[in-house]
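The values are calculated or read from the model by the stated rules, or taken from the named source; none is laboratory data. Given the structure is predicted, the values throughout are model-derived calculations rather than measurements. In this analysis, Cβ positions are derived from the backbone assuming ideal geometry, glycine residues included, and neighbour counts consider all displayed protein chains. The protein model used for the area step is the full one, side chains on, heavy atoms only, and it has no ligands, DNA or RNA in it. Shrake-Rupley method; radii C 1.70, N 1.55, O 1.52, S 1.80 Å.
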Amino acid sequence: MARKQTNKREAKKPAEELLIDPRRGDIEADASSTKSQSMLAIAGSMLVEISLPKLIFAWALLLVLPGLLLGLAPIVVAEWVTTITSKLAHVAIGLWSLLFLAGIVALGWFGWRTVFRMAETNFWSLNSIVVQPGYAGFRELIRHILEKLLPKDADPELRANLRAASAAIAGVVVCALALLVLRLARPYTHLYGSIAELKSWTQVGLVALANSVVVITGYLAVAALIWGFADAVMPQPKNLAKFQTAPRDARSWRVAHLSDIHIVGERYGFRIESGRLGPRGNHRLKRLLDQLEALDAKEKFDAILITGDITDAGVASEWAELLDDLAGHPRLAGRVLMLPGNHDVNIVDRANPARMDLPTSPNRRLRQIRCLSAMSVIQGSHVRVVDLENGRLGGTLAELLKKHEDEMARFADKARPRLSNAIPELWSKCFPMIVPPDKLDGLGIILLNSNADTHFSFTNALGMVTAEQMKGVEIACNAYPGACWIIALHHHVIEYPWAAKALSERIGTALINGNWFVRVLQPLTGRAVLMHGHRHVDWIGEIAGIPIVSAPSPVMEVTDEYDTAFYIHTLAIGSDGQLRLLKPERIVVKGEREAAAKPRAAKAG
């Protein structure tokens, strides 16, 4: 009996008497933290732990195989043309020869689409992995070097001109390098001859790769010049000069903008990025939801927008925490809208940045299924998808996912069929998600997926908006030509208008094709506002006349005892049909020491 009482007293030992308090974590919590380690240190540990055979196999599937298929396409077409012309040139064409020729023609007629689709798919795969990141990397490297030469208090106009010039220089440099590679690879190509002229299958492979290099570098040479000078002449980002005021006849909408809430699945869990220099568990988020409930009771929100990184690593327990937390706030849950961030779909291993997924791995598709399942519950009945094939708005997200319910459940349970492309295709069909305006001239919301396909934790932050999604945006806007729009995505569209402290802040975080994205949206100037998260940066600016709202994280960047904040935005539309961004409310989320204090709202300065 005495022994049991002793054990009981030991179990109640206060935390301050513990030699090591497990609730405060240890160095293992900082394994992938960019706040407590430099990118160089993380890269060093990654190189030690990375699996070279797995890396080689992954690059073979991601680069070599698409290159081979792209390079084989012109050989296949040339072989087909050669076969037909040789048959037509033959004078004595008998019945069987005619039938054979008809078969060849039919095969080409019906098969060219397959060959073209194969070439197109692999071309754009290489474009997203090599071409656009290559140009964007050069552009940001040149900008970073040149901006380092400017004083900290440099005139904003001078800095904008320097950024524009950097884009033009990057375009010329990348074009020159691409032409040099093209010239070196050109003697090894075989674009128009017959496959019979090649001596072995090894030579076929080498020729196919050379063909692919010539096609890609030729495209890059032309595209880099176009991108560089287009980026140079377009307006550069700048701080928003002033907030607008609403006309007397204006209708207004109230939107709470949250981002990067990074839910963890453990009570005392730390975040990947911050480690022990950030918060523990989800206590701050629970207080934030209580604040939203109180604020909504005073003045109702039209929407609660979460622009990505809802979870910290996209694992099932984190999504379960989100659903449980929202279940406690049914009054708010029906107005929550969310979109995926890189932490929701691209984190391979939260504890090991050196780990990578093979393209054949089911893990990425599992993360997509978890995200779609949560979205279906939270917003599935009131967001619509776009029917790209028929050029119109489709049904709701819930209706689309209902058709694939058994397939998703089977894959979540068995990860079969392993090589099926059905889940990625379903994922792409879900974006953009559209919340139509309540009236033809009202305010709608467009939710984009800005995550690039990556298979490596170290490159998880890459962002890209596909041309298909922008076609969906065009279809939605054409369906409501008099409406205004909130266009929401996770990644920041373009780098902020100030000098970055480190090159790592500039490369691999913003949209790779951000300047193109802005150019496509320019027809919506005066009728659209962009809202995003990702970098946890509190900033409101504009580019090409389009306001951009960058959300701070109400959870990250500080430890539990410090305050954080988020914003409530009011948007108004007057009789002139123009969308106005009014001065927002800054809502403070108190640190744990003051958690019981009354929620406080202050106007943004």
Does the range 253-268 contain at least one residue that is surrounded by fewer than 21 Cβ atoms within 10 Å (Cβ to Cβ), of a type in the set (G, A, S) and modelled with pLDDT under 95? yes
Looking at the structure I just gave you, is S428 small (G, A, S), open to solvent by 10 Å² or more (accessible area, probe 1.4 Å), outside any helix (DSSP H, G or I) and at pLDDT below 95? no
Mind listing just one residue for me: the one in the range 528-564 that is touching a Gly at 6+ places or on another chain (Cβ under 7 Å) and free of Cβ contacts under 8 Å to residues at least 60 places away in the same chain and, of those, surrounded by the fewest Cβ atoms within 10 Å (Cβ to Cβ)? E561
Residue list for the range 399-423, restricted to those being out of contact with any Gly (no Cβ under 9 Å at 6 or more places or on another chain) and surrounded by 15 or more Cβ atoms within 10 Å (Cβ to Cβ): H404, E407, M408, F411, A412, I423
Can you pull out every residue in the range 573-595 that is part of a strand (DSSP E or B) and open to solvent by 30 Å² or more (accessible area, probe 1.4 Å)? R580, E585, R586
Does at least one position in the range 228-237 carry a residue that is open to solvent by 90 Å² or more (accessible area, probe 1.4 Å) and either free of Cβ contacts under 8 Å to residues at least 40 places away in the same chain or part of a helix (DSSP H, G or I) (or both)? yes
Restricting attention to the range 455-462, does a residue exist that is in a strand (DSSP E or B) and over 20 Å from the mean Cα position of the chain (by Cα)? no
Mind listing whichever residues of the range 506-527 are without any contact (Cβ under 8 Å) to a residue 40 or more places away in the chain and assigned to a loop (DSSP other than H, G, I, E, B)? T525
Take I310 and decide whether it is buried (at least 20 other Cβ atoms within 10 Å of the Cβ), among the hydrophobic types (A, V, I, L, M, F, W, C), closer than 19 Å to F270 by Cα and within 18 Å of the chain's Cα centre (by Cα). yes
Those residues that are closer than 28 Å to S252 by Cα and open to solvent by 10 Å² or more (accessible area, probe 1.4 Å), I need them from the range 438-456; list them, please. D438, K439, L440, D441, L443, I445, N449
Across the range 297-316, what is the total count of residues that are in contact with a strand residue (DSSP E or B) (Cβ under 8 Å, 6 or more places away or on another chain) and outside any loop (DSSP other than H, G, I, E, B)? 6
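Yes/no per residue for (1) within 20 Å of the chain's Cα centre (by Cα); (2) in contact (Cβ under 8 Å) with a residue 60 or more places away in the chain; (3) assigned to a loop (DSSP other than H, G, I, E, B); (4) surrounded by 22 or more Cβ atoms within 10 Å (Cβ to Cβ):
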position: E318; (1), (2), (3), (4): yes, no, no, yes
position: L326; (1), (2), (3), (4): no, no, no, no
position: R331; (1), (2), (3), (4): no, no, no, no
position: L337; (1), (2), (3), (4): yes, yes, no, no
position: H343; (1), (2), (3), (4): yes, yes, no, yes
position: D349; (1), (2), (3), (4): yes, yes, yes, no
Looking at the structure I just gave you, is R267 free of Cβ contacts under 8 Å to residues at least 24 places away in the same chain and either of a type in the set (K, R) or not in a strand (DSSP E or B) (or both)? yes
Just checking, how many residues over the range 280-301 are under 26 Å from the mean Cα position of the chain (by Cα) and either surrounded by fewer than 19 Cβ atoms within 10 Å (Cβ to Cβ) or among the hydrophobic types (A, V, I, L, M, F, W, C) (or both)? 4
In the range 538-572, which residues are closer than 20 Å to L447 by Cα and assigned to a loop (DSSP other than H, G, I, E, B)? A551, P552, S553
Give me the pairs: first residue in the range 477-489 and without any contact (Cβ under 8 Å) to a residue 60 or more places away in the chain and closer than 26 Å to I512 by Cα, second residue among the aromatic types (F, W, Y) and in a strand (DSSP E or B), beta-carbon distance under 9 Å, and six or more apart or on different chains, which are they? C477/W485
T570 - would you say it is farther than 30 Å from R280 by Cβ, open to solvent by less than 40 Å² (accessible area, probe 1.4 Å) and of a type in the set (S, T, N, Q)? yes
Just to be sure I understand, how many residues within the range 371-398 are buried (at least 20 other Cβ atoms within 10 Å of the Cβ) and either part of a helix (DSSP H, G or I) or out of contact with any strand residue (DSSP E or B) (no Cβ under 7 Å at 6 or more places or on another chain) (or both)? 8
Of all residues in the range 399-416, which are closer than 24 Å to P362 by Cβ, in a helix (DSSP H, G or I) and without any contact (Cβ under 8 Å) to a residue 24 or more places away in the chain? K402, K403, E405, D406, E407, A409, R410, D413, K414
Can you name every residue in the range 565-592 that is hydroxyl-bearing (S, T, Y) and touching a Lys or Arg at 6+ places or on another chain (Cβ under 7 Å)? Y567, T570
